[in-house]
Amino acid sequence: MFAKLGGMLLALPAVLFALITWQVVADGPLVDVDERLSRALVEPDQASELLADLGNVQVAVPVLAVALAYVGWHGRATGLDRWWLPPAAGAVAMVLVPVLVAPLKEWTDRPGTPAVPPAVGYYPSGHTATAVVAYGAATLLLLPLLRSAAVRRGLVALCALLVLGASYGLVRRGYHWPLDVAASWCLGAILLTGLWLLVSRSSRRRSAGTPSPRTGPS
């Protein structure tokens with residue numbers, strides 16, 4: 001059941017990403033809709049610039065780094081086996097963003113919106129993918145450590161606001177077409193699902209294996 005759910009969570013964004021990429025490369029009907037939507041939304045201002053900055057590496061990656069450090073420290077302090085696995089997996093997910101995005105930008109060779117200087121290589125949005133994976137991975141790894149349901153809901157809401165804020169800012173400022181952003185949501189969802197599957201499987205193996213050295217009468 002777990003494997004089937006994981007497969008579905010991976011398949012849906014992968015299919016959507018393939019569909020969007022095909023439309024962009026083939027200049028299909030979705031591109032016309034995309035360009036009309038962009039013209040309706042683009043209005044560069046200071047607020048959109050600040051929101052777009054949420055996807056900067058200098059902003060998003062330090063947030064993830066702090067979360068990874070805390071998760072690693074907590075796991076080691078509580079005596080967990082392979083305490084290093086969740087933070088290492090989160091770091092790998094972040095590293096995979098430029099590894100995947102850079103060749104896709106070169107291959108699709110998509111020009112930017114009229115709001116930016118003439119150039120190509122805008123698909124998919126690296127800033128959006130950075131925001132999705134950095135804030136999403138931090139949230140996924142911190143959630144199991146939070147006891148309060150209200151705090152967990154608050155963390156998920158904050159993550160969603162940060163990602164949506166960065167995505168809106170990038171489109172509103174004209175740095176990216178909406179399809180660039182949507183494709184990076186799909187790419188980020190694939191990476192986060194892989195992270196969740198790896199960490200969840202490791203956690204299930206620990207619970208099914210030998211007791212922790214700290215287990216015993218209190």
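Is it the case that segment 75-84 has a residue that's under 16 Å from the mean Cα position of the chain (by Cα), in a helix (DSSP H, G or I) and either of a type outside the set (Gly, Ala, Ser) or over 15 Å from LEU192 (Cβ atoms) (or both)? No, because not a single residue in segment 75-84 is under 16 Å from the mean Cα position of the chain (by Cα), in a helix (DSSP H, G or I) and either of a type outside the set (Gly, Ala, Ser) or over 15 Å from LEU192 (Cβ atoms) (or both). The single condition from (1) in contact with an Asp or Glu (Cβ under 7 Å, 6 or more places away or on another chain); (2) without any contact (Cβ under 8 Å) to a residue 60 or more places away in the chain that LYS105 fails is (1). Only one of the listed residues (ARG201, ARG205, ARG153) is part of a helix (DSSP H, G or I), open to solvent by 20 Å² or more (accessible area, probe 1.4 Å) and either at pLDDT 95 or above or within 20 Å of GLN23 (Cα to Cα) (or both). That residue is ARG153. Mind counting the residues in segment 156-185 that are open to solvent by 40 Å² or more (accessible area, probe 1.4 Å) and either at pLDDT below 95 or assigned to a helix (DSSP H, G or I) (or both)? Going through segment 156-185 one residue at a time, the tally reaches 11. If you take the residues in segment 13-57 that are in contact (Cβ under 8 Å) with a residue 12 or more places away in the chain and closer than 12 Å to LEU187 by Cα, which one is surrounded by the fewest Cβ atoms within 10 Å (Cβ to Cβ)? Of everything passing the filter in segment 13-57, ALA14 is surrounded by the fewest Cβ atoms within 10 Å (Cβ to Cβ). Checking each residue in segment 91-106 for being surrounded by 17 or more Cβ atoms within 10 Å (Cβ to Cβ) and either out of contact with any helix residue (DSSP H, G or I) (no Cβ under 7 Å at 6 or more places or on another chain) or farther than 17 Å from GLY55 by Cα (or both) picks out LEU104, LYS105. Cβ-Cβ contacts under 8 Å between residues 6 or more apart (or on different chains), taken from a first residue in segment 180-196 that is closer than 13 Å to LEU96 by Cα to a second residue that is aromatic (Phe, Trp, Tyr), are listed as LEU187/PHE17; ILE190/PHE17. In segment 52-62, is there at least one residue being in a helix (DSSP H, G or I), more than 20 Å from the chain's Cα centre (by Cα) and not charged (D, E, K, R)? There is no residue in segment 52-62 that is in a helix (DSSP H, G or I), more than 20 Å from the chain's Cα centre (by Cα) and not charged (D, E, K, R). Search segment 76-89 for residues that are on the phi > 0 side of the Ramachandran plot and of a type in the set (Phe, Trp, Tyr) and pair each with any residue that is open to solvent by 30 Å² or more (accessible area, probe 1.4 Å) and not in a loop (DSSP other than H, G, I, E, B) when their beta-carbon atoms are under 8 Å apart and the residues are at least 6 apart or on different chains. Cβ pairs passing all conditions: none.
Kindly evaluate ALA65 against the criterion of being surrounded by 13 or more Cβ atoms within 10 Å (Cβ to Cβ), within 15 Å of the chain's Cα centre (by Cα) and either on the phi < 0 side of the Ramachandran plot or not in a helix (DSSP H, G or I) (or both). Yes.
The values are calculated or read from the model by the stated rules, or taken from the named source; none is laboratory data. Model, not experiment: these values are computed from the prediction. A quick note on method: Cβ atoms are made from the backbone with ideal geometry, for glycine too, and the neighbour counts reach across all protein chains shown. Areas reflect the complete protein model, heavy atoms only, side chains present, ligands, DNA and RNA absent. Shrake-Rupley method; radii C 1.70, N 1.55, O 1.52, S 1.80 Å.
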